[in-house]
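A short write-up of the structure that comes next.
The values are calculated or read from the model by the stated rules, or taken from the named source; none is laboratory data. All values reported here derive from a predicted model rather than from experimental measurement. Heads up, the Cβs are rebuilt from the backbone with ideal geometry, glycines too, and the neighbour counts pull from every protein chain shown. Surface accessibility is based on the protein's heavy atoms, side chains included, excluding ligands, DNA and RNA. Shrake-Rupley method; radii C 1.70, N 1.55, O 1.52, S 1.80 Å.
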Amino acid sequence: MTRILIITGIIVLVLAIGVGIFIMLAPSPNVGDATKLQRTFSTEEQARIDSVTVTTTELAKHDGQEGRSAWIAVNGVVYDVTEKWTDGKHHGLEAGQDLTEKFVASGHARQTLEKLPVVGSLLPD
């Protein structure tokens, strides 16, 4: 009887670990969802988008290296990630670039963008 309880306990433990691993490895529902780019902006943010333009050359200078601020562009909007990213890097990404496609491919939700300070709009060179 004790042997059966031990074997049953081991089976339950193995199943629980397997389910936990499956849950951790399951892709986020946000991966590939381009609708997360459709966010609304406050009046202040929209005013900044309408009045401040950042060229791709200027964006590249804000790479977060050597004390410089870290900016990224997503869907034509430039965001300041200086406080969130370490040395202009985050999960293998580097600041100073348009990361629209990588944001869509990430597990981040729309709320991630909504938490970032808006610098202005991206103006291609």
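All of (1) modelled with pLDDT of 90 or more; (2) more than 18 Å from the chain's Cα centre (by Cα); (3) surrounded by 10 or more Cβ atoms within 10 Å (Cβ to Cβ); (4) not in a loop (DSSP other than H, G, I, E, B) hold for Leu13 with one exception: (1). When the range 39-95 is filtered for residues that are in contact with a helix residue (DSSP H, G or I) (Cβ under 9 Å, 6 or more places away or on another chain), touching a residue at least 40 places away in the same chain (Cβ under 8 Å), assigned to a loop (DSSP other than H, G, I, E, B) and not aromatic (Phe, Trp, Tyr), the ones remaining, listed by number, are Arg39, Gly76.
Restricting attention to the range 55-95, the residues that are of a type in the set (D, E, K, R), more than 20 Å from the chain's Cα centre (by Cα) and exposed (fewer than 13 other Cβ atoms within 10 Å of the Cβ) add up to 1. Inside the range 96-116, residues that are free of Cβ contacts under 8 Å to residues at least 60 places away in the same chain, open to solvent by less than 30 Å² (accessible area, probe 1.4 Å) and within 13 Å of the chain's Cα centre (by Cα) make up a count of 2. Out of Val19, Val52, one residue alone is open to solvent by 40 Å² or more (accessible area, probe 1.4 Å), touching a strand residue (DSSP E or B) at 6+ places or on another chain (Cβ under 6 Å) and either of a type outside the set (Ser, Thr, Tyr) or modelled with pLDDT under 90 (or both). It is Val52.
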